[in-house]
Each structure stands twice: as C-alpha cells, then as structure tokens.
Amino acid sequence: MKKLLVAFWILPIISFSQMSDEEQLEQIYKTALTESKAYEWLDHLSNQIGGRLSGSLNAERAVAYTKAEMEKLSLDRVYLQPVMVPKWTRGIAEYAFIESGPGLTTPVNICALGGSVATPAGGLKTELIEVQGLDELAALGKEKIEGRIVFYNRPMQADVINTFEAYGGCVDQRYSGAAEAAKYGAVGVIVRSMNLRIDDLPHTGSMSYGELPINKRIPAAAISTKHADILSTMLELNPKIKFHFRQTCKVYPDVLSYNVIGEIKGSEFPNEIITIGGHLDSWDLGDGSHDDGAGCVQSMEVLHLLKKTGYKPKRTIRVVMFMNEENGLRGGNKYAEVAKAKGENHVFALESDSGGFTPRGFSFDCSDENFEKITAWKPLFEPYLIHYFKKGGSGADIGPLKGDGIVLAGLRPDSQRYFDHHHAANDTFEHVNKRELELGAATMTALVYLIDKYGTMLPKKIKG
Ligand SMILES: [Zn+2]
C-alpha cells in the first residue's frame, strides 16, 4: 500500500520529465488555444484603457493593470522599474486642406508626428514642394525650399515581401524629414503615411529634430496615402497650390513612469536570465492593440503557459513590459542599464513587437554557433507552420542588451497587414484575431522552453 502511494505521487513527475519535446510543444499549443488569457488581457488594455502614449494617464493605468494581472499568476516576483519618459501631447484634432484657388479647398486627413512642434495658432498656409526623399531635398537646395512646406512622398515599396523592409526604406522621411528641411529654410513638413494601402488614415510615428535649436524647429505631420496621391496630382497640375495645416501638439518636461516586470526564478541556473517582452506604451490615435498590446499580452502569456503546462524553468524567466518604445526607448535603455549595473547574466531575450498576426517564426541576432543550435529545432515547429528562422534583427527594446553570448530574437508574424494599422486610428482590438494572437504566444513559449531546457552556447560569465 505504501509503495503504491509513493508510485501514485511520483508518477506525474516522472511522466512530465519524460515528456518529449514534441509532446511538450503540443501541450503548449493546445493549452494556448484553449486556456490562454492573452485575448482577455488585450481586451482590457485596448477597450478599458486604450491608447497608452508615454507620460499619459492611460500609460500609468496600463502599468497598474499589467502589474496586478502578473501578480495573479503566482510568480516569484513582480515589480516596477522606474524610468523617466518624455511627455508629448497631440492637443486638439489637426486640421488641413489644399487650396487650389480662392475659395477652392479640398480637406485632407493629417496627424502630427510624435515630437513635432505646433503650427502658429492660426495654422500655416503656403506653397509646397514635393520630394521623393532626403537626397532630392539636398539636390533642390535652399532656393527651391525656403519659405515652403516640404512634401515627402516616397511610398513604401510594394514589391518587398517583408513589409518591415519596405517601412525601413522610407521611414527616414518621417524621422529626419523636418530637421533636414528646416536646414534649407522650409516652414513645415508633410510626410506620406508609412502604409502600403491607399486609404484615408494618417499614420503618426516618432520624429527627431536632431541638434536643431528650438527656434528653428518646424511643424511636421503625416498625410493619409490617398490624400498624398491627391496632393501629388494637384501639384502636378498646378505647382502654385497652397497647403494649410494646423496642429497644437506640445512637449512637456519628462515624467516618471515604469517598466513592469514579472519573473519565475530558475530552479537550476537562477542567474541565467531569459527576458521576454513587448512595449506597454503605444501611439494615441488607436488603442495600440497590434503595436504593441499584442506583444505585451503574449509575453505575459508565456509565463501563464509555462505555469499551466506545469513546466518548471531551470533558468530565470523574466517578462518585461517596456515603457516608451515609441518615442524614446527609455524603458529598453533603462532595463539594460540596470541589468549591466547589477552584473546580470542575460542568456536570451525575445521580443514581440510586430503585431498579433499569424506567427511565421523568429529573426535572430546571435553567434553562428547559437543560430546553428536553434535552427536544429526547426522540425519541432513544423506542425505549427512555423518555418521562418533567419538572422537579422530582434527588437528595439531588447537591443540595448546586445553583447557577447546573448541570443536576441524577435517573433516574426505575417507582416502583410501590419502597416495598414501601424500607428493609425485603426490599430484597434477588433483587428486582432484571437487564435493568431494565441498561436504567437505559444510559438514564443515553445522557443523559451527549448532554450531554457538546453541552454545557449558560450553564455556570458557572471561578473565578480
Ligand atoms: Zn511597437
């Protein structure tokens, strides 16, 4: 009887430890599709809280909410990491029209770029000059640009499969367009939205004035792709048309905010840290469901799934909701700074910040040895249609952790629809599919499980 009892208690432990990787992954995916909390969490973040621009009340509500939800997961530790963040507000709704003759106006949809200064109170009205990018701006020079609004109209390249590459190919217009145009005497900047689709939505995003003194800064706004095309056509017909726009955005002094952190302590190698994260802040036009509410709830779901499937990590698994990725990266920088100061040994970091769409795989930033070890696990992911394992980039928030030995990775979902929503008013909850979101969380958990179980090559030595 006594023997039987012992067998009864030991059996589940033995059966778990004997579970093959195939079985463990199957367990993770099945649990994600039936017991995940990710969609419910995203519903709250998106619909009960909403857009979470750094320094806003909503951002602080999101900090409190995700901390409380992680506390419910019975983790070993949940805490806040203070970080100072920029505070920029949009002000009242922007307003713009094209004036093709006295009394002949065409209203267009614009939104201020994050970090931009306001226009004069009554708005700004003048002629424009269209350019395809920063090179053309420089070629035109001061004579053609002074006193005008520069209209950057280089579209995202349609024939690139990875839409992030297409984004990277024209985002310099948005980020540096105003600083460059101001050098040639421009009075304002209008940038074609970073969107492959022709629609009515302007897409915001961060911009920088670089070293430009405050009194030289000019207002910058994004225009919807449809209105960019209309503006371009009208300019071709009559280069003398005028553009009027008004925006009341403002920069305030930095404010205190937080990264939200939750962790499960490793049972064998607690000093080897695996960090998983997304960014809790978002732009203000939508509710930030894809960018990056999805990545936050998927990261939290990794801990939930590990708990639910009864897996006890050997290494410390830490989830970080980074603050201020969008307009400053202060949270990512602070996390890495503190980790470095404490001499923490990060062996792996995984970020989800490419939308909550169907997962395809991962991109990696790591040594050849580690990449070889990880790609050997590809067949395990095959039943879940996960096939993309490529070197090249990970994520903005985990980037500052880069160093010898660490493996950095980014979840890579299907990217075809991402830029239809990115930084626009339609980045909202109804555009996230529950199963796709859950499959992304399961895919992250599967990789975290394998790395935790088998470790990485050449881990960094712990300081001291
Ligand atoms: Zn993002």
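The values are calculated or read from the model by the stated rules, or taken from the named source; none is laboratory data. Because the structure is predicted, anything quoted here is derived from the model rather than measured. Glycine also receives a Cβ, built like all others from the backbone with ideal geometry; neighbour counts cover every protein chain displayed. Areas reflect the complete protein model, heavy atoms only, side chains present, ligands, DNA and RNA absent. Shrake-Rupley method; radii C 1.70, N 1.55, O 1.52, S 1.80 Å.
Of note:
- Restricting attention to the range 310-355, the residues that are surrounded by fewer than 24 Cβ atoms within 10 Å (Cβ to Cβ), assigned to a helix (DSSP H, G or I) and within 16 Å of the ligand (Cβ to nearest atom) total 2.
- Of the strands (runs of 3 or more DSSP E) lying entirely inside the range 89-171, the ones with 3 or more residues being under 28 Å from His421 (Cα atoms), touching a residue at least 60 places away in the same chain (Cβ under 8 Å) and open to solvent by less than 50 Å² (accessible area, probe 1.4 Å) are found at 95-101, 110-112.
- Residue within the range 284-297 that is among the hydrophobic types (A, V, I, L, M, F, W, C), within 16 Å of the ligand (Cβ to nearest atom), farther than 26 Å from Glu35 by Cβ and open to solvent by 10 Å² or more (accessible area, probe 1.4 Å) present: yes
- Matching option when the condition is within 15 Å of the ligand (Cβ to nearest atom), surrounded by fewer than 24 Cβ atoms within 10 Å (Cβ to Cβ) and at pLDDT 95 or above, among Gly278, Gly205, Gly266: Gly205
- Residue in the range 369-376 that is more than 16 Å from the ligand (Cβ to nearest atom), over 30 Å from Gly210 (Cβ atoms) and either acidic (Asp, Glu) or modelled with pLDDT under 95 (or both) present: yes
- Residue check, Tyr252 of a type in the set (Phe, Trp, Tyr), closer than 22 Å to Gly55 by Cβ, in contact (Cβ under 8 Å) with a residue 40 or more places away in the chain and within 16 Å of the ligand (Cβ to nearest atom): no
- Residues being assigned to a helix (DSSP H, G or I) and under 15 Å from the mean Cα position of the chain (by Cα) - total across the range 415-436: 4
- Flag if Arg412 is modelled with pLDDT of 95 or more, open to solvent by 20 Å² or more (accessible area, probe 1.4 Å), of a type in the set (D, E, K, R) and assigned to a strand (DSSP E or B): yes
- When Arg417 is tested against (1) buried (at least 24 other Cβ atoms within 10 Å of the Cβ); (2) at negative phi, only condition (1) is not met.
- Matching residues, the range 368-386, being touching a Lys or Arg at 6+ places or on another chain (Cβ under 9 Å) and either crowded, with 19+ Cβ neighbours inside 10 Å or closer than 19 Å to Gln298 by Cβ (or both): Leu385, Ile386
A quick yes/no check of all residues on (1) within 16 Å of the ligand (Cβ to nearest atom); (2) touching a Cys at 6+ places or on another chain (Cβ under 8 Å); (3) assigned to a strand (DSSP E or B); (4) without any contact (Cβ under 8 Å) to a residue 12 or more places away in the chain:
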site	(1), (2), (3), (4)
Tyr175	yes, no, no, no
Leu196	no, no, no, no
Ile273	no, no, yes, no
Ser282	yes, no, no, no
